[in-house]
Amino acid sequence: MRMLTIGAFAKASRLSPKALRLYDELDLLRPARVDPDTGYRYYALAQLERARLVAWLRRLGMPLARIREVCALDSAAAAAEIRAYWAGVEAETAVRRDLAGFLIEHLSSESRPTRKDTTMLELRYFAHSDRGLVRPANQDTAYAGTRLLAVADGFGPAGAPASSAAVEALRFLDSDELPAGDVLNLLQDAVQGATDAVRDATDGTDENGTTLTALLWTGSRLALVHVGDSRAYLLRNGGLFRITHDHTVVQSMIDEGRLTPEEATSHPQRTLLLKCLGTTAPDLRLHDASPGDRYLVCSDGLSSVVPEARIRDLLGTPGSPDETVLALVAEANRAGGPDNVSCVVADVVESAA
Ligand code: MN
């Protein structure tokens with residue numbers, strides 16, 4: 001085998017000897033031979049490609065441990081691993097993009113005149129939670145009030161106290177006047193309060209916990225707080241838009257291109273949560289409300305058994321929020337009711353006052 005000195009190999013790979021020494025120390029690219037007397041490093045020509053790959057993966061921002069893994073794979077597996085890495089980067093960026101959007105929307109609205117002499121809006125709402133047909137108990141909690149819509153889906157032996165503690169901790173938001181303080185601080189306090197309440201209501205282990213998807217009405221907009229696999233949808237002009245992203249292992253596999261949405265519906269681990277309240281900062285979003293908008297917040301007991309097209313039809317059928325909620329719950333139970341099912345429906349209407 002033809003051996004190159006580190007200088008010659010550096011020239012051929014267009015990497016500096018310093019970079020090559022670093023790759024050696026980090027165990028990313030070991031010299032083919034190290035002279036036992038002089039300590040000089042020698043490289044094989046066949047190592048050029050790997051040296052180049054390491055340099056490019058570092059430029060991509062891939063962590064060293066992951067580069068080591070990629071380099072140990074054959075080409076096809078390495079390609080799949082890079083694709084998965086990049087999908088993860090994009091998903092992480094999407095979360096930050098949403099947070100940036102939330103802040104931009106929040107700060108821009110601060111500088112807009114409030115709609116005083118225009119039409120005032122308010123919510124018509126209904127919430128209901130059902131045990132379903134299979135589970136021995138209901139561990140979901142659903143709540144709706146003039147300012148607060150919330151669904152929490154508890155898991156573990158103390159799942160029921162966990163979900164009810166989370167929602168109970170948000171109830172202070174549901175007063176005629178929003179409590180003093182700006183929306184950002186209110187949401188932060190609410191999330192912290194809910195996290196503490198869940199820990200107090202359970203033994204604080206990973207075994208127990210809850211999802212939380214809540215909408216806070218500010219008078220013209222809805223602020224969303226979301227963590228877990230409960231969902232919020234908006235029905236606007238006949239179109240159904242899901243405004244939450246599931247924090248599940250299966251959803252992250254879809255995001256990474258490892259699984260199709262069709263395969264996901266029958267995946268054995270489809271209910272495995274990636275995040276729950278307390279393990280991560282929740283997703284935050286602000287939505288401008290329009291008269292005629294209809295919001296749905298639901299637990300996975302609805303969305304995992306009733307197809308979205310059917311949810312859209314039921315939401316779009318004329319009826320009051322209570323009629324619609326009961327129709328949705330009945331539909332989940334007609335599909336077998338394998339899980340607790342919770343639904344909150346709220347219509348944005350022009351205020352009667
Ligand atoms: Mn559930």
How far apart, in nm, are the 7 Å Cα→Cβ label points at Ala137 and Trp56?
5.5
7 Å from Cα along Cα→Cβ at both Asp176 and Trp86: what's the point-to-point distance in nm?
5.8
Cα centroid separation, segment 284-336 to segment 80-159 (Å)
15
Find the accessible area per residue for segment 73-115; the probe is 1.4 Å, ligands and nucleic acids are left out, and the unit is Å².
69
Segment 47-185, relative contact order in percent, only Cα pairs under 8 angstrom and at least six apart counted:
11
Classify segment 1-150: rounded, prolate or oblate, from the alpha-carbon gyration tensor (a ≥ b ≥ c, eigenvalue square roots; a/c under 1.5 rounded; otherwise prolate if a/b is larger than b/c)?
prolate
Please compute the contact order of segment 175-253 in relative form: average sequence separation of alpha-carbon pairs under 8 Å and at least six residues apart, divided by the residue count, as a percent.
17
How long are the semi-axes of the equivalent ellipsoid of segment 73-115, taking √(5λ) for every eigenvalue λ of the Cα gyration tensor, in whole Å from largest down?
41, 5, 4
Cα-derived Rg over Rh, computed across segment 3-63 with Rh taken as Kirkwood radius:
0.96
Once both label points are put 7 Å beyond Cα along the C-beta direction, the Ser320-Thr146 separation in nm becomes 1.8
Would you mind working out the magnitude of the charge dipole of the chain relative to its Cα centre, with +1 at each Lys and Arg C-beta and -1 at each Asp and Glu C-beta, to the nearest 20 Debye?
1920
Give the residue from Asn333, Gln47, Ala166 lying farthest towards the positive end of the charge dipole for the chain; charges sit on Cβ (+1 for Lys and Arg, -1 for Asp and Glu) and the dipole is referred to the Cα centre.
Gln47
Could you check how much of the accessible area of segment 27-83 is carbon and sulfur, as a whole percent, using a 1.4 Å probe?
53
By the C-alpha gyration tensor axes a ≥ b ≥ c (rounded if a/c is under 1.5, else prolate when a/b exceeds b/c, else oblate), the shape of segment 121-350 is rounded
Distance histogram for segment 201-295 (every C-alpha pair counted, 10 angstrom bins, percent rounded to whole numbers):
15, 38, 32, 14, 1
Options Val249, Ala214, Ser230, ranked by Cα towards positive dipole end of segment 213-261, top entry (Cβ charges):
Ala214
Calculated FRET efficiency for the pair Glu69/Asp98, C-beta based, R₀ 25 Å, to 0.05:
0.25
Using a probe of 1.4 angstrom, how much of the accessible area of segment 122-271 is carbon and sulfur, in percent?
49
I'd like the FRET efficiency for Ser108 and Gln188, computed as 1/(1 + (r/R0)^6) with the beta carbon distance as r and R0 of 22 Å, rounded to 0.05.
0.65
For the chain: relative contact order, % (alpha-carbon pairs under 8 angstrom, 6 or more apart)
19
Quick check on packing: order 300-306, 24-30, 49-55 by the mean number of other C-beta atoms within 10 Å, highest mean leading.
300-306, 49-55, 24-30
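The values are calculated or read from the model by the stated rules, or taken from the named source; none is laboratory data. Bear in mind that the values here come from a model prediction, so they are computed numbers and not experimental data. Cβ: placed from backbone, ideal geometry, glycine included. Neighbour counts: every protein chain shown. Remember, those area values only see protein heavy atoms, side chains included, never the ligands or the DNA or RNA. Shrake-Rupley method; radii C 1.70, N 1.55, O 1.52, S 1.80 Å.
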